[in-house]
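Working notes for the structure below.
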Amino acid sequence: MSDSPVTPPSDAARPPLLPPGHPPARLTVLSGGVGGARFIQGLLRLIERTGSDTTVTVIANTGDDIWVHGLKVCPDLDTVMYTLGDGIDTERGWGRREETWNAKEELAAYGVEPTWFGLGDRDIATHLVRTQMLEAGYPLSAVTAALCKRWEPGVELLPMTDDRVETHVVIDDPETGERRAVHFQEYWVRHHAEVAAHAVVPIGMDAAKPGPGVLEAIRDADVVLVPPSNPVVSVGTILAVPGIREALAATAAPVVGVSGIIGADHVHGMARQLLGVIGVEVSAAGVAEHYGARSSAGLLDGWLVDTVDGGSVSRIEAAGIRSRAVPLWMTDHDATADMVAAALELAR
Ligand code: FO1
C-alpha cells in the first residue's frame, strides 16, 4: 500500500485550543506584597492542576523599600520570594518563618532607631547579601535574581525599576500635630495607618526607568494580571514608573484585575485609608473606575469582584470594563486558583 501523499496539517500550525481555565503560555503579574504573593500561589496551583507549561513573570513594587541600620530592605520583593520559596512566616505574611530577633533586641538595647521596624535574624542575612551586592555595583534586578537562585520561587521576579524609589506619606504627626512626610513603612508599621494622611508621594519616581525585562514582560504576555494588591502604594506605584502605563496600554494582552476591596473594606493592609487620601471610593467598583477601562486610556479590560459586590457588575461594565462576581476570599491555594481561573476566563 502506498504511503498517503497527504499529510495532516501539523498541530504546530494551529495554536492549541486551550480548555476553559487553562492558563495561557505567558502570564505577567503586577504585584505588591502579601496579597500579591497569595494570589501568585493560587496561580501556580492552577498551573499545577492543569499541567500547563505556563511561564509567570512577576513585576514587583519596590516603593516600600527602605534603608534601615545600613541595610536595604525590599518588603514586596522579599514577601513574593519567601512566600513562593516556602520561607515565609505565614502568620505575619512577611519575613522568615522560625525567625529569631536577637539583633533587633540588641539594636533596641543600644537605643538605635528605628525600633518600630522589626528585622529578624534570618531576614537580616537577605539584606546583608542584597546590600553587599548593591554596594559592589549590581543592580537590584541582578541582586533579586541571585537571591532567587536560593529560593527558586518558580516565577521570574523583576523589580519594577532598578532605580531608588521610596513611597512617602504626608501625615499629621500624632505627637506634635505638625504635618510632615514619613516613609511609608513608618506610616504603616509605626502608626498602623491610624494617623491622618494627606498625600502619598513616590520619591524618585520621575527619574525611575522600568527595570530590565519589565516592558518586555508586559509586551510579550498573553494576559497581564493585577492581583488584589493595594491600588495606591503597590499597583499604583508600579503604574507610576515612567513607561509602564504606556506599555500596558500598548500590549496585545488583556489586562484583568481582582478587587482587593470586598464590600466597603480592604481584605488586608491599608487600602481603605489610602484610597481615601487620593479621593477614590472604597469599593470594588470605585477601584475599577480609578484604574479605568483600557478602551478609555485606562488599565483594565476585566475586573473580578466578590459575590457580595455582584450588584456593582453592571456599573463596572458601564465603565467599559468586563466584570464578573466570584468568591474572592483567598482562603487556601485551591480557592485562589479558582479565582485566578475566573480572571483568565474573563481575559479570553
Ligand atoms: N510589618 C510590620 O507590621 N512590622 C514590622 O516590623 C515589619 C518589618 C518588616 C521587615 C522586613 C520586611 O520585608 C517586611 C516587614 N514588614 C513589617 C511588612 C511590611 O511593612 C509590608 O510587607 C509591606 O511593606 C506592605 O505591603
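The values are calculated or read from the model by the stated rules, or taken from the named source; none is laboratory data. All values reported here derive from a predicted model rather than from experimental measurement. For neighbour counting, all protein chains shown are included, and Cβ atoms are generated from backbone atoms with ideal geometry for every residue, glycine included. The protein model used for the area step is the full one, side chains on, heavy atoms only, and it has no ligands, DNA or RNA in it. Shrake-Rupley method; radii C 1.70, N 1.55, O 1.52, S 1.80 Å.
Points to keep in mind about this one:
- The residues of segment 25-36 that are of a type in the set (A, V, I, L, M, F, W, C), open to solvent by less than 10 Å² (accessible area, probe 1.4 Å) and within 16 Å of the ligand (Cβ to nearest atom), listed by number, are Val29, Leu30.
- Test: residue in segment 265-273 that is open to solvent by 20 Å² or more (accessible area, probe 1.4 Å), of a type in the set (A, V, I, L, M) and free of Cβ contacts under 8 Å to residues at least 60 places away in the same chain: no
- Condition check for Asp172: modelled with pLDDT of 95 or more, more than 16 Å from Gly63 (Cα to Cα) and away from the ligand (no atom under 16 Å from the Cβ): yes
- Arg190, sole failed condition from (1) crowded, with 18+ Cβ neighbours inside 10 Å; (2) closer than 20 Å to Gly33 by Cα: (1)
- Candidates Glu166, Glu156, Glu178, Glu135: the one that is open to solvent by less than 30 Å² (accessible area, probe 1.4 Å), among the acidic types (Asp, Glu) and more than 14 Å from Met270 (Cα to Cα) is Glu166.
- The number of residues in segment 186-200 that are part of a helix (DSSP H, G or I) and away from the ligand (no atom under 13 Å from the Cβ) comes to 0.
- Per the listing Ala247, Ala217, the residue uniquely open to solvent by 10 Å² or more (accessible area, probe 1.4 Å) and outside any loop (DSSP other than H, G, I, E, B) is Ala247.
- Screening segment 306-339 for residues that are over 20 Å from Ser296 (Cα atoms) and of a type in the set (S, T, N, Q) and picking the one that is surrounded by the most Cβ atoms within 10 Å (Cβ to Cβ) gives Thr336.
- Residue pairs meeting the criteria (Cβ under 6 Å; at least 6 apart or on separate chains; first within 19 Å of Asp89 (Cα to Cα), in segment 112-123; second near the ligand (Cβ under 7 Å from one of its atoms) and not in a helix (DSSP H, G or I)): Gly120/Gly95; Asp123/Gly95
- Count of segment 193-209 residues, restricted to those that are in contact with a helix residue (DSSP H, G or I) (Cβ under 9 Å, 6 or more places away or on another chain), surrounded by 15 or more Cβ atoms within 10 Å (Cβ to Cβ) and among the aliphatic types (A, V, I, L, M), is 5.
- Pairs where the first residue, in segment 31-43, is closer than 23 Å to Asp53 by Cβ and without any contact (Cβ under 8 Å) to a residue 60 or more places away in the chain and the second is open to solvent by 10 Å² or more (accessible area, probe 1.4 Å) and more than 9 Å from the ligand (Cβ to nearest atom), C-beta under 7 Å, 6+ apart: Ala37/Thr83; Ala37/Leu84
- Residues of segment 224-254 classified as under 12 Å from Ala343 (Cα atoms) and either touching a Phe, Trp or Tyr at 6+ places or on another chain (Cβ under 9 Å) or within 16 Å of the ligand (Cβ to nearest atom) (or both), total: 4
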